[in-house]
Amino acid sequence: ELHYQPQINLATGQVDAVEALARWHDPDRGDVPPVEFIEVAERTDLIHPLTRHVLRTAIDQAARWQQAGQPLRVAVNISARNLTEPDLVQSIGRLLDAQGLPPTLLEIELTETTIMANPTLATSVIARLRDMGIRIAIDDFGTGHSSLAYLTTLAVDELKIDRSFVHTMTTDPTAETIVRAIVDLGRNLHLDVVAEGIETTATEHALHQMGCTYGQGYLFSRPVPAPALSQWLA
């Protein structure tokens with residue numbers, strides 16, 4: 001099933017978007033950590049139907065929120081193996097059309113590692129998705145050990161700062177410097193910046209002072225099922 005974690009506009013306090021996160025509760029094993037079942041899916045062809053299920057469910061839920069008068073952009077993670085699907089872009093378009101969801105209410109997240117696994121393919125897929133009006137975010141930015149040169153050629157909208165930097169930024173000067181550098185980089189490239197893993201008001205305040213666009217983390221809400229998020233929003 002999918003759980004959703006809100007992304008807070010740090011300037012206005014409004015919820016503009018949510019991230020859709022896959023969760024698996026097994027009757028025998030209990031809650032299976034995503035790091036376990038996603039890794040297995042990545043090594044097999046199961047990543048393809050899993051991603052389609054996540055996309056279909058997230059788009060359906062986004063359409064429900066829009067119909068209820070609460071339009072929220074929903075972010076979905078895509079893996080490197082998904083990028084090799086020849087009909088990926090067309091499939092996403094069909095899912096949007098089926099639910100009548102504007103493409104602007106869908107965001108695709110790709111990690112630096114995913115992009116650098118096949119930069120030429122990634123650049124092509126990203127360009128086609130953005131031509132449809134879908135937003136693109138680079139997830140876990142700063143952890144991929146890749147050249148910044150790709151930012152000059154990729155048509156992306158958003159950088160997401162990895163939680164490992166955000167979590168310690170108020171106590172570790174090096175982490176704080178890295179976060180500030182990414183926020184400044186995003187601003188200068190006219191990109192939104194999302195800080196993941198915010199757990200304290202001190203961290204939120206520091207990010208707001210830096211000019212970070214969005215915040216995401218347990219300070220605001222844990223990832224929760226759609227009905228619980230609707231109640232939280234109300």
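Asp172: open to solvent by less than 70 Å² (accessible area, probe 1.4 Å) and at pLDDT below 95, yes or no? No.
Scanning the range 12-43 for residues that are of a type in the set (Val, Ile, Thr), under 24 Å from Leu106 (Cα atoms) and open to solvent by less than 70 Å² (accessible area, probe 1.4 Å) yields Val15, Val18, Ile38. In the range 109-138, the residues that are under 17 Å from Gly186 (Cβ atoms) form Cβ pairs under 9 Å with partners that are open to solvent by 60 Å² or more (accessible area, probe 1.4 Å) and part of a helix (DSSP H, G or I), at six or more places apart or across chains, as follows: Arg135/Thr104; Ile136/Arg130.
For the range 134-141, does any single residue satisfy the condition of being within 30 Å of Ala175 (Cα to Cα) and assigned to a helix (DSSP H, G or I)? Looking for residues that are within 30 Å of Ala175 (Cα to Cα) and assigned to a helix (DSSP H, G or I), one finds none in the range 134-141, hence no. Assessment of the range 190-199 against the conditions (open to solvent by 60 Å² or more (accessible area, probe 1.4 Å) and of a type in the set (A, V, I, L, M, F, W, C)) yields no matching residue.
Selection within the range 75-93: residues that are of a type in the set (Gly, Ala, Ser) and within 17 Å of Ala20 (Cβ to Cβ). The member of this set that is modelled with the lowest pLDDT is Ser79.
Restricting to the range 44-78, name every residue that is free of Cβ contacts under 8 Å to residues at least 40 places away in the same chain, surrounded by 18 or more Cβ atoms within 10 Å (Cβ to Cβ) and not in a helix (DSSP H, G or I). Ile78, the sole residue that qualifies. Filtered by the rule that a residue be crowded, with 20+ Cβ neighbours inside 10 Å, in a helix (DSSP H, G or I), at pLDDT 95 or above and under 17 Å from the mean Cα position of the chain (by Cα), the range 94-124 gives a lone residue, Leu105. For the range 40-53, the criterion of a residue being modelled with pLDDT of 95 or more, among the β-branched types (Val, Ile, Thr) and closer than 20 Å to Pro227 by Cβ is satisfied by no position.
Residue-by-condition table, conditions (1) open to solvent by less than 40 Å² (accessible area, probe 1.4 Å); (2) at pLDDT below 95; (3) out of contact with any Cys (no Cβ under 6 Å at 6 or more places or on another chain):
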| residue | (1), (2), (3) |
| --- | --- |
| Thr153 | no, yes, yes |
| Glu176 | no, no, yes |
| His205 | no, no, yes |
| Pro223 | yes, no, yes |
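The single condition from (1) open to solvent by 60 Å² or more (accessible area, probe 1.4 Å); (2) touching an Asp or Glu at 6+ places or on another chain (Cβ under 8 Å); (3) among the aliphatic types (A, V, I, L, M) that Ile138 fails is (1).
When the range 188-202 is filtered for residues that are at pLDDT below 95 and in a helix (DSSP H, G or I), only Asn188 remains.
Take Thr143 and decide whether it is open to solvent by 40 Å² or more (accessible area, probe 1.4 Å), within 25 Å of Leu72 (Cα to Cα) and among the β-branched types (Val, Ile, Thr). Considered against the rule, which asks whether it is open to solvent by 40 Å² or more (accessible area, probe 1.4 Å), within 25 Å of Leu72 (Cα to Cα) and among the β-branched types (Val, Ile, Thr), Thr143 comes out as no.
The values are calculated or read from the model by the stated rules, or taken from the named source; none is laboratory data. Everything numeric here is computed off the predicted structure, so don't read it as measured data. Backbone-built Cβ (ideal geometry, glycine too); neighbour counts: all protein chains shown. The accessibility values were calculated without ligands, DNA or RNA, using every heavy atom of the protein model including side chains. Shrake-Rupley method; radii C 1.70, N 1.55, O 1.52, S 1.80 Å.
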